[in-house]
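The values are calculated or read from the model by the stated rules, or taken from the named source; none is laboratory data. Please read all numbers here as calculations on a predicted model, not as lab measurements. Here the Cβ is made from the backbone with ideal geometry for all residues, glycine too, and neighbour counts use every protein chain on show.
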Amino acid sequence: MNKLILPLMLLLLFASCNNTRKTQPAATLNAQPSILNSIEPTGNAQIDSLLHLAAVTPQDTVLAGLYYRIAVLYRNNDPQKAKEYYRILDDLSEKLGWSKGRYQSANGISSILAMEVLPDSALTILQKATELAMYENDESWIADLRFQTGYVYFAKRWYEMALTCFMDVLPFYEKSNDVRKLGRFYSTMSQLHSWIYATEKAIEYGEKAVALDGENPYYLTSLAIAYMEAHRYEEAKANFDKALRISESQNDIDHLAFIYYHLSGYALAMFDLDMTEWYVRESMKIKMQFGRDADCCANIATLSKVEQLRGNFGKAEEYAMEALKMAQETEAEVEPLDEMKTVYKILSELALARHQYRENMRYWEEIEKIELIMLHEEMLRAGEEYAAKYETEKKQIEIERQQQVIARQNMQRWLLAGGIAVCVVFLALLWYMLRLRSRRNLALSERSEALSERNEALSEMNATKDKFFSIISHDLRNPVVAQRDALQMLVQNSGSWDINTLTTYYHELLKSADGQVELIYNLLGWAQLQTGRITYNPSTFNLAHRLRSDIALIRNIAEKKGVGFAVSIPDDADIIGDGAMLSIVVRNLLTNAVKFTEGASPPDTPYGKVGTVTLNVTPIDGGDDTRRDAMHCVSTTSIITGYIIAISDTGIGMSAEQIGNLFRLDSARSRKGTAGEQGSGLGLIVCRELLEKHGSELHVESEEGKGSRFWFKV
């Protein structure tokens, strides 16, 4: 939880920094009594002064600026009050037609919503403000709002989208040579790369930020965290100490608590338990002073670890239970799971040290449950990010298309105006100009038709992609929802179910997760093929050697299901192709064959009585080659021009209609295997496209109830 505090604090710093811009003049409305006349004093001299001033100020940009300053002062102590004044600022700015006030309001409200774990609402507000800035072509605010959007994506843990936003604004910041914005950019990039464990990049950006402003405690802290991730502890300590001194001089209490917490991590890494405890308690003292007891979960977990290392197992367990209770009562989505996982690990270590092996196993079961929940949440988050990225790209294509239409219309208007002017000035050349314009109109018509055909093709492609994503969302969403419901039932009944029931449940969850993994692998493979990230690298290799590990894997799956598995590959089968691609093709085809073939029940049933899967590689004879040896004897040998790789099974087979839809993206449907295995409907499409890169073609022979045969030449 504490690891996310610094980017959110930097977000607040970014939003407040925009107050340094000079207020631009704007139209003034008729003076009206301010809504602040009836507000009681707050006890804060600075806020009260601004409230009295706002009460007598006409409704103009000066009043809007006062609202913004009041909101900034309220933000740290009363975020709800700050949001109220940001909205008042937005309403007044809209009446005045003052865009700067609307941008300031969007920045402020979005930063508060991000801290309240409401990133989607923050993104909606920022999108509207960005569209306004783009309409007004305000490059400075476009960059700042785009940067703020990156912050919200960072808080949402959509790291790829956040990185895209940040890199979009870098050229503008470098061109403007704004040291403050560049420093903030480098510090943020350092935090982002520390979060995704790209430590070298994190250090590089952190050092750039400190080089621009070595007295900024946030920049120093970002660099120190990066050094900690790289285990460069002495450099981390030096930067933490400097940031601590500066924060103390600036009376930045929140940042002091954050630095103390990270210094406790440094002391623990140095095994200085007394200093670790001192730093933790200083951090907790500051948080409790401001009523933020709920933020102390990580600190209490650290105290538990300290007492464990001291050998005070009873005290360590008390701290761990306190931290666990605090994490369970936290309403956020992800960070409490991290804290609970840490606490359970400490409890398991304590149980092991006390020889309480059953308790140790129970805590590890809780850890496995948390890891499974975190994995599902990460998969859902990745799916949402991918869908959002797709929608963003789709909108960008639509914007570019509209810009082309506008440009074409502007060109037509210019040509028409030019034609009229030329007709007035050069009346004698009227016939020539009319014929020239006729030719130009013909060319424009032909171009319009070409663009129309292109748009129709793009529409068809978009329709196919929409159909594809509807299939993916259905196949991905349903298993995840089912797993979530199963997990809820498991959590509710874990104390009452016996070990056999729990084991059965775990196996079912694992089988469902395996199906989702296959779907994601096939989806990523298809996406890489479409974007050209998979390149064809041919070489000569031995097929039997290359497929050995894949065959062993499939054989194991077949044996578990009770399916017969036979392989016939010549030892001298040397072929030319991309070994990695052909391994994917054969592995996918063998997996499908096992999936749709009935297995033995029980597993020890002889293979002759159940379904069988066969991999058969046969050479292609290209004729005879006659050679003369040293004794002038003539010998004749066959010339092998290639090999046929065939995968056949005695499974459920397919109808002619099913075969016809196998390779259609808009008709691909997943089918469950004979044992309920999940499918994606994408595997054969990926196989076909990989074989096309080899100049080969995937052939299908199948009949319902009699099995299938897939084969290709290489």
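The table below lists the values:
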{"quantity": "Cβ pairs under 8 Å, 6+ apart, first in segment 552-572 and under 18 Å from VAL617 (Cβ atoms), second of a type in the set (Asp, Glu)", "calculated": "PHE565/GLU559"}
{"quantity": "Selection within segment 386-431 - at pLDDT below 65, under 27 Å from LEU458 (Cβ atoms), hydrophobic (A, V, I, L, M, F, W, C) and surrounded by 12 or more Cβ atoms within 10 Å (Cβ to Cβ)", "calculated": "ALA387, ALA388"}
{"quantity": "Long-range neighbours under 7 Å by Cβ, at least six apart or interchain, first residue within 16 Å of LEU442 (Cα to Cα) and not assigned by TED's automatic domain parsing to the domain that holds ASN441 within segment 409-421, second in a helix (DSSP H, G or I) and not hydrophobic (A, V, I, L, M, F, W, C)", "calculated": "none"}
{"quantity": "Filter result for ILE640 (surrounded by fewer than 19 Cβ atoms within 10 Å (Cβ to Cβ), on the phi < 0 side of the Ramachandran plot, assigned to a strand (DSSP E or B) and modelled with pLDDT of 60 or more)", "calculated": "yes"}
{"quantity": "Selection within segment 197-233 - in a helix (DSSP H, G or I), over 23 Å from the mean Cα position of the chain (by Cα) and surrounded by fewer than 15 Cβ atoms within 10 Å (Cβ to Cβ)", "calculated": "ALA211"}
{"quantity": "Residue that is surrounded by the fewest Cβ atoms within 10 Å (Cβ to Cβ) [pool: residues in segment 178-196 that are of a type in the set (Val, Ile, Thr) and assigned to a helix (DSSP H, G or I)]", "calculated": "VAL179"}
{"quantity": "Condition met for VAL491 (hydrophobic (A, V, I, L, M, F, W, C), modelled with pLDDT under 70 and in a helix (DSSP H, G or I))", "calculated": "no"}
